[in-house]
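Heads up, the thing below is written out as structure tokens.
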Amino acid sequence: MPWATAGKNAELGLKIQGVPRAERRNRVDPILSELGLEKFSPFFPSRLSGGMRQRVAIARALALESDILLLDEPFSSLDALSREYLQDSLLETHARHGTTIILVTHSIEEAAYLADRIYIMEGKNPSTLSEPFATSKAKLKGFPPKAESPKPGDSHKDSYRDSEAYHSDIKVLRERFFSERQPEPFGAAMVKRRPALERLSAMARAAKPFLDRLGKLCLALAAVFALWEALALLLDAPFLPRPGKALERFFSGLGDGILFRHAGASLKRILASLCLAGPPAWALGLLAGRIQLADTLASPLVYLFHPLPKVAFLPLLMLLFGLGDASKVALMGLVVFGQLFVGARDSAKAIAPSLLDTVKSLGGGRAATLRHAILPATLPALISSLRISLGTTIAVLFLSETFASINGLGWYIMDSWSRVDYPDMYASIMMLSALGLGLYIALDVAEAILLRWRDP
């Protein structure tokens, strides 16, 4: 699971089974230590090498204390040194835990080194298993597996890989296999391991895109004010005061609290629309993305109303809900609902089946699949949909507040315009921009925290 740390991934099976946190740690920590992962427990999979991720998967399986551990080509994507190291680690772990391991591999050498008994799959649709081949490894007690990673130049004089019995088994297996071994690609790329970083460094790296956007925003604001100043000097018109005068009125409005009162009324309406329309839209979108019947019933209705301009429904909503906040919140809710439904449905359909299979193979039911796979996998789309819908929501907010309102930034902007108080009008426009900017920054902060598992 890319959104969970190495330690959380190793605990996932136990967590799905309802094992308490303290017991989970007591069972998982020793296994991570045996596999050399204790220092990497707080890091996300994107910060681990391929070999480390394979060891995390093995730790997760061992933590369940199952009688049988099934491994399908677990080391096939690794370079030679990492593969040998993990093979040795697997043997040591097997010796400590005594778990029966069934391993599927295309490598004769790997089978001869790891297995006590080897079966060859023959034929297709259906395949059959050959008679078992007993290796010489179980009979040799003087060749314990190396406990450290092989290094270039090692003689391996005490390694079972250099024993005559091992090479004899390989020869016999090749003869029994009746086919030539497929050569491995020449010059296979080494899996690049990233250095271990502390948690604080990882958080700073996750926040870097947010800080970069904040810096660019400051530059954009400086450019806007410079252009404003130039136009004000060029036009010298009452309807376009210089930015200094508008800023003076802006800070004056903040000081006496009038801008805060109107901004609070607008913010209350925005948050109400998000809270009332967001959860049902997202839930319905997830259902439509994962269940064909829900998609068949809900999608046509949403697609019928989603392209329509929502402001056209304002008179009808005022008749239904009155002239107060309810009609304004309902109008903005229509905007939010369509965006979130489409985003949730499309992201739910795009979930990789392997993520769902991982939870199911660990014994998780529908609730566990929803919690540990579907919700985290669709979270990036949720934030993107909220970011897209916010701009439209604020535009609709301004329009709705110009009708039958006595508060809100939209009403205050139009009131200042009708009083020909242009500095006050620009100050309220700046406050509306600051409100929208604050909401976007809040989304960026949430993204940096909740999606820190993604590659930077």
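Any read-out appearing in this document is the output of simple, stated calculations on the displayed coordinates, not a laboratory observation. Nothing here was measured: the structure is a model prediction, and the numbers come from that model. No Cβ is skipped: glycine too gets one built from the backbone with ideal geometry, and neighbour counts run over all protein chains shown.
Is the shape of the range 199-450 rounded, prolate or oblate, going by the alpha carbon gyration tensor and its root eigenvalues a ≥ b ≥ c, with a/c under 1.5 for rounded and a/b larger than b/c for prolate?
It is oblate, given that a/c is not under 1.5 and a/b is not larger than b/c.
Which of K216/K245; K15/K360; K268/K328; K208/K268 have a Cα-Cα distance over 19 Å?
K216/K245; K208/K268
Could you give the dipole magnitude of the chain about its Cα centre, charging the beta-carbon of Lys and Arg +1 and that of Asp and Glu -1, in debye to the nearest 20?
Approximately 520 debye in magnitude.
Per DSSP H run of n ≥ 4, the term is -39500 (n - 2.57); total these for the chain, divide by its residue number, and report the mean residue ellipticity at 222 nm rounded to 500 deg cm²/dmol.
-21000 deg cm²/dmol
Using the Cα centre of the chain as origin and beta-carbon charges of +1 (Lys, Arg) and -1 (Asp, Glu), tell me which of L437, V329, V359 is placed farthest towards the positive end of the dipole.
The listed residue farthest towards the positive side: V329.
Working out 0.36 nm times the residue gap between F313 and V224, then minus their Cα-Cα distance, what length gain in nm do you get to one decimal?
Contour length minus the Cα-Cα distance gives 28.6 nm.
Within 12 Å, Cβ to Cβ, of A330, how many net charges do the neighbouring residues add up to if Lys/Arg are +1 and Asp/Glu are -1?
Taking every Cβ under 12 Å from that of A330, the sum is +2.
Restricting to the chain, compute how many DSSP beta bridges are antiparallel as a %, nearest 5.
Beta bridges within the chain, antiparallel portion: roughly 45 percent.
How long are the semi-axes of the equivalent ellipsoid of the chain, taking √(5λ) for every eigenvalue λ of the Cα gyration tensor, in whole Å from largest down?
Largest first, the chain gives 62, 26, 18 Å.
5 Å is the cut-off here: which amide hydrogens, built 1.01 Å from N in the peptide plane, fall below it relative to D79, excluding neighbours closer than 5 in sequence?
V191
For every other residue with a beta carbon closer than 11 angstrom to the beta carbon of V396, add +1 if it is Lys or Arg and -1 if Asp or Glu, then tell me the sum.
+2
Would you mind counting up the charge near S405? Only other residues with Cβ under 11 Å from its Cβ, with Lys and Arg at +1 and Asp and Glu at -1.
Surrounding charge for S405 is -1.
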